[in-house]
Amino acid sequence: MCLCALPSLYSALVPSELSPRSPKWTLNFVFRCQHCTLCRHFASVCCVFVQINHHSRTRPEVRKMIRVEGLRANSSQFTLEGKPLRVLGGSIHYFRVPRAYWEDRLLKMKACGLNTLTTYVPWNLHEPQRGVFNFEDQLDLEAYLRLAARLGLWVILRPGPYICAEWDLGGLPSWLLRDPQMKLRTTYPGFSEAVKSFFNQLMKKVVPHQYSKGGPIIAVQVENEYGAYAKDEAYMPFIKEALVSRGITELLMTSDNTDGLKLGGVKGALETINFQKLRPNAIKYLDEIQPQKPKLVMEYWSGWFDLWGELHHVFAAEDMLPVVTEILKMDMSINLYMFHGGTNFGFMSGAFAVGIPHPRPMVTNYDYDAPLSEAGDYTTKYHLLRNLFSLYHAQPLPELPSLQERRAYQPVVIQQHLSLWDSLHFTDKPWKSERPVNMENLPVNNNNGQSYGYTLYETTVNSQGTLNSKNNVRDRALVFLDKHFVGVLDYKTQELILPDGKGKRTLSLLVENSGRVNYGKTLDEQRKGLVGDIELNQKVLRDFTIYSLGMKPGFVNRLESSGHWMTVRQRPSFPAFFQARLYVSSSPKDTFIKLPGWGKGVVFVNGKNLGRYWSIGPQQTLYVPGPWLHRGDNQVIVFEEQEADGKIQFSTSPDYGMPVDVQ
């Protein structure tokens with residue numbers, strides 16, 4: 001086998017069934033390509049030795065192959081170990097796919113004929129509190145990189161710190177916004193110092209997995225689409241230096257759309273382009289600014305994202321395939337964004353705000369109309385691409401992995417409900433403040449503020465009249481008087497008439513963070529909750545009690561064990577939590593939750609936040625991964641804002657709403 005297709009042969013040589021309890025034996029492998037002149041010249045590079053000492057009871061020792069020259073961009077084609085390499089890539093984000101399915105999705109990628117995996121790194125998940133880092137379980141980036149190597153895939157890593165990705169705040173942690181002067185994606189010290197601290201930890205995980213050290217990472221991207229932001233000329237050199245000074249030695253790249261190419265580059269990094277429909281002028285421009293350099297479409301958009309209240313975007317296979325075919329005919333490399341989109345579990349969906357008067361939140365699924373669906377199904381695009389990519393391989397592609405079985409479980413009946421008002425004592429202690437305080441600046445989460453979910457603001461009023469939000473609600477508030485629903489305040493509706501009443505009454509505003517904008521020039525303005533004063537009859541309201549309702553796993557667990565749940569015979573008081581049990585009699589399978597008759601809210605299964613649902617669509621189902629279920633009783637909790645049905649339904653197929661072609 002030639003080096004051109006040898007990301008990690010050595011790991012594949014160790015029998016997977018071998019364990020410390022295996023019989024004592026000695027095994028020696030020697031592999032040498034007899035046909036490649038490069039391999040004959042660099043015999044030490046192309047020889048792989050796997051030696052298992054028969055005296056050892058420890059894990060077999062694997063001697064990694066010696067590597068001489070990584071990915072280079074010194075001619076019109078990429079080279080690896082001096083041999084031409086065409087990048088046939090696809091994006092799969094480890095944080096959007098249940099860890100139990102990482103291998104399934106990557107095997108399907110390899111079977112489609114791709115040789116390179118690209119992934120972003122979400123800073124907001126890895127550093128949920130300043131100085132507190134998480135690289136475990138679902139966020140075990142190193143395990144993901146090792147898996148890619150074992151399966152024979154190269155990796156282009158896109159570590160940000162900003163990633164866009166239709167992800168809340170483009171992956172930047174919300175605690176950065178506690179600083180009222182914050183200037184994101186610049187060399188402003190409050191931002192640059194936080195980046196350095198994060199990279200100190202992240203690069204410890206990344207550097208050992210570079211190609212030069214025997215790992216799968218052949219290239220690293222410097223930031224992401226900075227040409228569309230471009231607020232600080234010193235920023236991209238700063239990010240590049242932050243990577244290099246912490247041990248990144250592989251090829252550096254930047255990634256921009258057509259308009260951003262002129263401003264997004266940095267000296268010493270290969271510029272790449274993003275588009276969906278062929279852009280001959282942009283490709284020509286790349287040739288002009290980078291003569292005799294390889295051309296890579298870093299993001300070939302295989303579909304598009306969806307917004308609540310709109311239609312489901314699709315990009316027809318018959319429109320996509322001719323473009324991909326032409327890209328390959330032009331001797332360019334390509335990365336499909338997305339190859340498999342997955343899901344924006346929890347509150348991670350971003351919001352869109354380009355060219356519209358106010359932000360529009362994104363849906364929970366990230367199916368993206370990609371070649372591999374949200375639940376890992378093959379699509380028409382997949383099969384057409386597989387046929388196309390097979391033409392660029394000397395050997396037959398691997399057989400298609402089998403699909404995950406799915407099940408439409410019988411509907412489950414709601415057994416109990418608990419009013420939001422009765423759940424407040426399970427939250428952190430409320431905070432009293434003369435003025436409204438935005439969620440990021442609340443003294444919760446070890447003084448890192450609240451990041452996601454809902455925030456409840458309560459104060460006392462003693463008159464009727466006109467309530468005016470002054471456009472300070474971010475993003476949507478349910479308004480109550482003495483726990484009775486009055487109406488909704490959002491970007492469109494900024495005034496409500498409060499009804500007649502006697503004496504002092506409690507005014508409550510349950511404000512939802514619907515998702516921070518992930519792209520564009522308004523990142524610094526993404527504080528949520530009440531971001532300023534509200535008025536009643538033109539008089540500013542004061543003296544608030546504020547509850548943080550981030551709905552983290554600890555809160556959901558406390559809720560479950562509460563003895564305050566009411567039976568279904570008692571009429572629920574909205575908003576409310578509703579509890580049901582899904583009994584699984586055999587091995588759990590993937591399924592989709594359907595909620596006809598429900599309004600808007602969030603679903604938790606066994607404590608895991610599946611994401612938001614909203615009857616306005618387009619999305620009408622939520623993906624439930626089989627590995628998140630278990631035999632026996634499974635707890636389902638639905639937080640519903642205003643309208644509930646008596647049951648929860650299940651389906652074997654998703655419903656993403658009425659389709660519309662991407663424009």
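The values are calculated or read from the model by the stated rules, or taken from the named source; none is laboratory data. As the structure is a computational prediction, the values presented were derived from the model and not from experiment. Counting neighbours? That spans all protein chains shown, and the Cβs are built from the backbone with ideal geometry, glycine included. Just so you know, the surface numbers come from the protein's heavy atoms only, side chains and all, with ligands and any DNA or RNA stripped out. Shrake-Rupley method; radii C 1.70, N 1.55, O 1.52, S 1.80 Å.
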inquiry  = Just the residues that are open to solvent by 40 Å² or more (accessible area, probe 1.4 Å), part of a strand (DSSP E or B) and over 26 Å from residue 418 (Cβ atoms), please, taken from region 483-497.
reply    = 495, 497
request  = Kindly establish whether residue 418 is modelled with pLDDT of 95 or more, surrounded by fewer than 14 Cβ atoms within 10 Å (Cβ to Cβ) and out of contact with any Lys or Arg (no Cβ under 8 Å at 6 or more places or on another chain).
outcome  = no
ask   = In region 329-356, how many residues are more than 19 Å from the chain's Cα centre (by Cα) and either on the phi > 0 side of the Ramachandran plot or surrounded by 18 or more Cβ atoms within 10 Å (Cβ to Cβ) (or both)?
value = 5
key: One residue from 177, 202 being assigned to a helix (DSSP H, G or I) and within 24 Å of residue 361 (Cα to Cα)   = 177
ask   = If we scan region 325-345, do we find a residue that is in contact (Cβ under 8 Å) with a residue 60 or more places away in the chain, within 30 Å of residue 492 (Cα to Cα) and either in contact with a Pro (Cβ under 9 Å, 6 or more places away or on another chain) or of a type in the set (D, E, K, R) (or both)?
value = yes
remark   = Exactly one of 505, 476, 435 is open to solvent by less than 30 Å² (accessible area, probe 1.4 Å), in contact (Cβ under 8 Å) with a residue 24 or more places away in the chain, on the phi < 0 side of the Ramachandran plot and of a type in the set (Lys, Arg), and that residue is 505
task = Inspect all residues belonging to region 349-359 and state whether any of them is at pLDDT 95 or above, more than 30 Å from residue 521 (Cβ to Cβ) and of a type in the set (S, T, N, Q).
result = no
request  = Output the residues belonging to region 610-654 that are exposed (fewer than 15 other Cβ atoms within 10 Å of the Cβ), assigned to a loop (DSSP other than H, G, I, E, B) and acidic (Asp, Glu).
outcome  = 643
note = Those residues of region 250-270 which are without any contact (Cβ under 8 Å) to a residue 60 or more places away in the chain and in a loop (DSSP other than H, G, I, E, B) amount to 258, 263, 264, 265, 266, 267, 268, 269
task = Just give me the residues in region 322-344 being assigned to a loop (DSSP other than H, G, I, E, B) and closer than 19 Å to residue 303 by Cβ, in sequence order.
result = 338, 339, 341, 342, 344
Hits in region 177-193 (condition: open to solvent by less than 40 Å² (accessible area, probe 1.4 Å), in contact (Cβ under 8 Å) with a residue 24 or more places away in the chain and closer than 17 Å to residue 124 by Cβ) = 177, 182, 184, 185
key: Output for region 271-287, where each listed residue is open to solvent by less than 10 Å² (accessible area, probe 1.4 Å) and assigned to a strand (DSSP E or B)   = 272, 273, 274, 275
query = Hey, among the residues in region 76-108 that are polar (S, T, N, Q) and part of a loop (DSSP other than H, G, I, E, B), which one's surrounded by the fewest Cβ atoms within 10 Å (Cβ to Cβ)?
reply = 76
request  = Could you grab me the full set of residues in region 515-540 that are more than 14 Å from residue 438 (Cα to Cα) and in contact (Cβ under 8 Å) with a residue 60 or more places away in the chain?
outcome  = 515, 517, 518, 519, 520, 521, 522, 523, 535, 536, 537, 538
ask   = Taking residue 152, is it assigned to a loop (DSSP other than H, G, I, E, B) and within 30 Å of residue 440 (Cβ to Cβ)?
value = no
inquiry  = Checking residue 198 against (1) open to solvent by 20 Å² or more (accessible area, probe 1.4 Å); (2) modelled with pLDDT of 95 or more, only one condition comes out false. Which one?
reply    = (1)
message = On the basis of being under 17 Å from the mean Cα position of the chain (by Cα), open to solvent by 10 Å² or more (accessible area, probe 1.4 Å) and among the aliphatic types (A, V, I, L, M), does residue 125 make the cut?
response = yes
task = Check 570, 579 and return the single one that is over 24 Å from the mean Cα position of the chain (by Cα) and part of a loop (DSSP other than H, G, I, E, B).
result = 570
message = So if I check each of 111, 73, which one is touching a residue at least 12 places away in the same chain (Cβ under 8 Å), under 26 Å from residue 229 (Cβ atoms), surrounded by fewer than 23 Cβ atoms within 10 Å (Cβ to Cβ) and over 17 Å from the mean Cα position of the chain (by Cα)?
response = 73
query = When region 233-246 is examined, which residues are found to be loosely packed, with under 14 Cβ neighbours inside 10 Å and part of a loop (DSSP other than H, G, I, E, B)?
reply = 233, 234, 245
request  = Might you check whether a residue that is in a loop (DSSP other than H, G, I, E, B) and out of contact with any helix residue (DSSP H, G or I) (no Cβ under 9 Å at 6 or more places or on another chain) occurs anywhere in region 210-218?
outcome  = no
inquiry  = For a quick check of your reading of the model, give me the residue pairs whose first member lies in region 606-619 and is without any contact (Cβ under 8 Å) to a residue 40 or more places away in the chain and closer than 21 Å to residue 310 by Cβ, whose second is aliphatic (A, V, I, L, M) and open to solvent by 10 Å² or more (accessible area, probe 1.4 Å), with beta-carbon atoms closer than 7 Å and at least 6 apart or on different chains.
reply    = none
ask   = Inside region 456-473, can you point out the residues that are within 30 Å of the chain's Cα centre (by Cα), open to solvent by less than 50 Å² (accessible area, probe 1.4 Å) and closer than 14 Å to residue 532 by Cα?
value = 457, 472, 473
